[in-house]
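Here is the structure we will look at.
The values are calculated or read from the model by the stated rules, or taken from the named source; none is laboratory data. The structure displayed is predicted, hence computed values, not measured ones. Using ideal geometry, Cβ is built from the backbone for each residue, glycine included, and neighbour counts are taken over all protein chains shown.
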Amino acid sequence: MCADVLGEFRWFELRIFFRKIILRLSEQVLAWSGLPVITIRPTMFLESFLPIAAASVRDRGRIELPFGRGKTSPVAAADVARVVATVLADPAPHLGRVYELTGPRSQDMHGIAREFSDALNREVTYSDVPAEDWERGLSSNGTKTWGRRYLSSSEGSCNGRNAPLATASARAKEYRP
């Protein structure tokens with residue numbers, strides 16, 4: 001049974017990997033097509049991070065996630081919306097460009113815990129929890145199986161995948177595909 005579960009989890013990780021490849025290939029196909037294209041790639045949305053951390057911060061004063069020492073730079077949806085609105089208002093100078101949007105700084109979860117502390121005016125710390133325990137907690141909260149697997153394999157094991165830094169408001173990294 002353990003091998004079946006492990007095999008299923010690896011298959012799920014492969015599907016996420018292939019989905020990312022397909023997205024990049026789709027971008028490349030559009031670039032080759034000659035169509036006027038602008039690509040906007042936000043990292044992890046701040047709004048998706050807050051709900052997964054809120055309960056443990058409220059109840060125990062800790063962010064309890066399996067992020068290890070990975071870094072992330074979550075971006076606010078409002079910042080992404082401002083960039084999209086700016087690009088749509090005058091698309092010509094942006095054609096063919098790719099904008100990777102991130103939050104203002106790339107930091108580990110201890111840094112994010114300090115930001116929580118400052119905002120809440122009370123101590124908040126970070127506790128790295130085993131992914132299996134965290135996934136079990138998601139299960140008890142009613143998160144569907146696919147959602148638990150997605151969070152555990154992508155956001156939960158950050159390992160720097162969401163760490164690139166190019167702020168949404170001013171320093172969007174751009175390059176031609």
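Side notes on the structure shown:
- A54 farther than 27 Å from T125 by Cβ, without any contact (Cβ under 8 Å) to a residue 12 or more places away in the chain and under 19 Å from the mean Cα position of the chain (by Cα): no
- Residue that is surrounded by the fewest Cβ atoms within 10 Å (Cβ to Cβ) [pool: residues in region 63-93 that are more than 14 Å from the chain's Cα centre (by Cα), in contact (Cβ under 8 Å) with a residue 60 or more places away in the chain and closer than 25 Å to S26 by Cα]: R82
- Top-ranked residue in region 95-125 [being at pLDDT 95 or above and in contact with a helix residue (DSSP H, G or I) (Cβ under 8 Å, 6 or more places away or on another chain); ranked as farthest from A31 (Cα to Cα)]: E123
- Residues of region 44-71 that are among the hydroxyl-bearing types (S, T, Y) and at pLDDT 85 or above: S56 alone.
- Matching residues in region 16-51 - criterion: being in contact (Cβ under 8 Å) with a residue 24 or more places away in the chain, of a type outside the set (A, V, I, L, M, F, W, C) and assigned to a helix (DSSP H, G or I): E27, Q28, E47, S48
- Residue within region 25-43 that is hydrophobic (A, V, I, L, M, F, W, C) and modelled with pLDDT under 85 present: yes
- Any hit, region 73-90, residues being polar (S, T, N, Q) and part of a strand (DSSP E or B): no
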